[in-house]
Amino acid sequence: MRVLVIEDEVRLAQSLRRGLTAAGYAVDLAHDGVSGLHLAREHRYAAILLDIMLPGLNGYQVCSRLRAERHDVPILMLTAKNGEYDETEGLDCGADDYLAKPFSYVVLEARLRALLRRGGARTVAAQLTCGDLWLDPARRTCGRRSETIALTPKEFGVLWCLMERMDEVVTKYDVLDEVWSADFTGDPNIVQVYVSAVRRKIDAPFGRDTIETVRGGGYRIAGDGRA
């Protein structure tokens, strides 16, 4: 799940990135309103963490412009300003939630999860299924029937990307865009490595072949559960 953090305090932004990455999110950073707005327009994010006091464009302006352009990505505003009028202005310009600094990271992640459960640009399904294979985005778990399968955060993201687009051919660049951050400069074939790792966990022990390789195209999961 890919999120955008727009925060001009570099140390705080890096800290949020480390914490969210460890929790399994792909995280892009912007340190001013102009570049943050550009990233929000160019990429599909599950949520945006948006500071209010930003250079270039402030958080209210970024949020208002996104909403005027009909971007309904969930937005959690972060700010050192703490008052009911500031909160009201943030919510009135289109933010979904508001968190004043200093905040607990545990609370921030809980508020982010709640935001994603409520939905937005990409509604988080209660559960995705393909035959007896299931994936629960909210709880970050997957398995077959009653048996839970342990996946790393990146493996989970790759499987979610494919199951969310059931019956579609998903290119490795689509997977990179969905699961890795925008500043990833490594070998795109890393996707093949992770798909192989996912297959070893969700298919090999169960005698299945869920993820199809489409030569010259990418990967596909059949929605009817063929395996």
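The values are calculated or read from the model by the stated rules, or taken from the named source; none is laboratory data. Model, not experiment: these values are computed from the prediction. Cβ sites come from the backbone with ideal geometry, for glycine too, and all protein chains shown count toward neighbours. Only protein heavy atoms, including side chains, enter the accessible area calculation; ligands, DNA and RNA are left aside. Shrake-Rupley method; radii C 1.70, N 1.55, O 1.52, S 1.80 Å.
Once the mean 1/r over all distinct Cα pairs of the stretch 19-119 is inverted, what Kirkwood radius in angstroms do you read off? Spell out each step's value before the answer.
On the way: mean 1/r = 0.0730 Å⁻¹.
Computed over Cα pairs of the stretch 19-119, the Kirkwood hydrodynamic radius comes out at 13.7 Å.
Farthest towards the positive end of the charge dipole of the chain, among the residues Gly33, Gln14, Trp160, is the Cα of Trp160, using unit charges on the Cβ of Lys, Arg, Asp and Glu. In the stretch 126-227, the ratio of gyration radius to Kirkwood radius, Rg to Rh, stands at 0.94 when only Cα atoms are counted.
Counting pairwise Cα distances across the chain, what percent come out greater than 34 angstrom? Summing the P(r) tail past 34 Å for the chain gives 19 percent. Residues in the chain average 48 Å² of solvent-accessible surface per residue, probe 1.4 Å, ligands and nucleic acids excluded.
By per-residue mean of other Cβ atoms within 10 Å, what is the highest-first order of 29-37, 184-192?
With the highest mean Cβ count within 10 Å placed first, the list reads 29-37, 184-192.
Taking Cα centre as origin and charging only the Cβ of basic (Lys, Arg, +1) and acidic (Asp, Glu, -1) residues, the dipole magnitude of the stretch 1-64 rounds to 260 debye. Between Phe206, Ser181, His43, the Cα set farthest toward the positive side of the dipole of the chain (charges on each charged residue's Cβ, about the Cα centre) is that of Phe206. On a 0 to 90° scale, report how tilted helix 105-118 is relative to the longest principal axis of the chain, with both axes built from alpha carbons and the result rounded to the nearest 10. It works out to around 70 degrees. Axis angle, to the nearest 10 degrees, between helix 153-164 and the longest C-alpha principal axis of the chain: 80 degrees.
Computed in the context of the full set of protein chains, the accessible area of the stretch 1-93 at 1.4 Å probe radius has 48% of its extent on carbon or sulfur. When Ser104, Ser146 are compared by accessible area at a 1.4 angstrom probe, the order from most to least is Ser146, Ser104. Evaluated with a Cβ-only charge set (Lys, Arg +1; Asp, Glu -1), the chain carries a dipole of roughly 780 debye about its Cα centre, given to the nearest 20. Per-residue accessible area (protein heavy atoms, 1.4 Å probe) orders Tyr219, Tyr173 as Tyr173, Tyr219, starting from the largest.
Placing +1 on the Cβ of every Lys and Arg and -1 on the Cβ of every Asp and Glu, with nothing else charged, gives the stretch 162-213 a dipole about its Cα centre of roughly 340 debye. Consider all pairwise Cα distances in the stretch 151-195 and report the whole-number % of them above 13 Å. Pairs farther apart than 13 Å: 51 percent.
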